[in-house]
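Written out below as structure tokens is the structure these notes cover.
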Amino acid sequence: MTLVTGLTRAREQAVQQRLFAASANRIERALRSEISRAMGAMASEYDSPGALAGVEAEHRERMEKILNRGWRSVFDTFGKRILDGAQKCQRGMERKGLFDEFEPLIQNWIRRFGAQKVTEIVGTTHKQAMAVINQITAEAARDGLGQAATGRAIRSAMRERAGVLSVARSRVIARTETHAASQAANQAAAKATGLSMRKVWLAAAGERTREDHADADGQQRRLDEPFIVGGEELMQPGDPAGSAEQVISCRCAVGYEVE
């Protein structure tokens, strides 16, 4: 059976995977730059609690902007595909009306999950930066270095490590957040159409796919019913309410069939 987008299940999964990868790459570059910048700023202000708090507040603000821009772009890209498909299935649907229904669902998703996601990301940046700072501080104390020399050592170590840490983290964050937003956009758009649909889990192909997710391939549910994946209830692949084991770096997609 073809999906609301007019594609077969296999083709739909492949198209979403391509769109997902392109979106994740754009977000990853912005995240990498900001994480590296923030860790460097924390190293410069390590001995001033007030200034360090200011650096973290700025990091949070920047992260909110990066993620909100990224989520917004992903929502538009993925949601539009479902809404366009619905218009072809149901002649006479007004595009403005569809987006009027779609937008509140997306805003609700951001309000529900956005702040928590940003807090977790900023908290991890702080932990990683402090791990470097504490290590170098202990080594400096052991070697009898003064405050100025300790500060130079911390900044030097952070320049070396922040790049490596930011690359690894930004890739995981970008892929996880792009995937979560893309599948939430699909779900919101499907609900916004008002059409009677069933959703189907489309597992990513390849050896990297989790066994639980491969087992869920082809599983069908009504729009408001969760998939059962590895014993967990997930409204869609990448559902932020799911455990890290079922969500992080997932590449599965969801398709929608009009009943």
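Coordinate-derived values only; no laboratory data. Quick caveat: nothing in here was measured; it's all calculated off a predicted structure. For neighbour counting, all protein chains shown are included, and Cβ atoms are generated from backbone atoms with ideal geometry for every residue, glycine included.
The table below gives the values:
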item	result
Cβ-defined net charge surrounding residue 243, 13 Å radius [Lys, Arg +1; Asp, Glu -1]	-4
Given 88/117; 65/199; 96/191; 96/117; 65/127, the pairs whose alpha carbons are separated by over 25 Å	88/117; 65/199; 96/117
Quarter of Cα convex hull surface for the chain, i.e. mean projection, nm²	15.1 nm²
Extension gain (nm, one decimal) between residue 124 and residue 167, 0.36 nm per residue minus Cα-Cα	14.1 nm
Length-normalised contact order of the chain in % [C-alpha pairs under 8 Å, at least 6 apart]	28 percent
Charge sum, other residues only, whose C-beta stays under 13 Å from residue 51's C-beta, Lys/Arg counted +1 and Asp/Glu -1	-4
Shape parameters for the stretch 54-152, alpha-carbon atoms, Rg then Dmax in Å	23.1, 78
Neighbour-count order for 117, 199, fewest beta carbons within 10 angstrom listed first	117, 199
Sites residue 37 and residue 214 - FRET efficiency at Förster radius 35 Å, r taken between beta-carbons, to 0.05	0.35
Fluctuation leader among 153, 24, 216 - the chain, Gaussian network, Cα springs under 10 angstrom	153
Other-chain or far-sequence residues with amide H under 5 Å of residue 5's (modelled H)	256
Residue 18 versus residue 143: modelled label distance in nm, points set 7 Å from Cα along the beta carbon direction	5.3 nm
The stretch 130-150-the stretch 165-226 distance, computed between alpha-carbon centres (Å)	45 Å
Residues 198, 81, 159 arranged by fewest to most Cβ contacts within 10 Å	159, 198, 81
Top of 50, 85, 238 by mean-square fluctuation, Gaussian network on the chain, Cα under 10 Å	50
Most fluctuating residue given options 74, 132, 247, as computed from a GNM of the chain linking Cα atoms under 10 Å	132
Rounded FRET efficiency, nearest 0.05, which uses the C-beta distance separating residue 198 from residue 94 and R0 of 22 Å	0.35
Cα centre as origin, Lys/Arg/Asp/Glu Cβ charges: the chain dipole, Debye	840 debye
Surrounding net charge for residue 210, when Lys and Arg each add one and Asp and Glu each subtract one, Cβ distance under 10 Å	-2
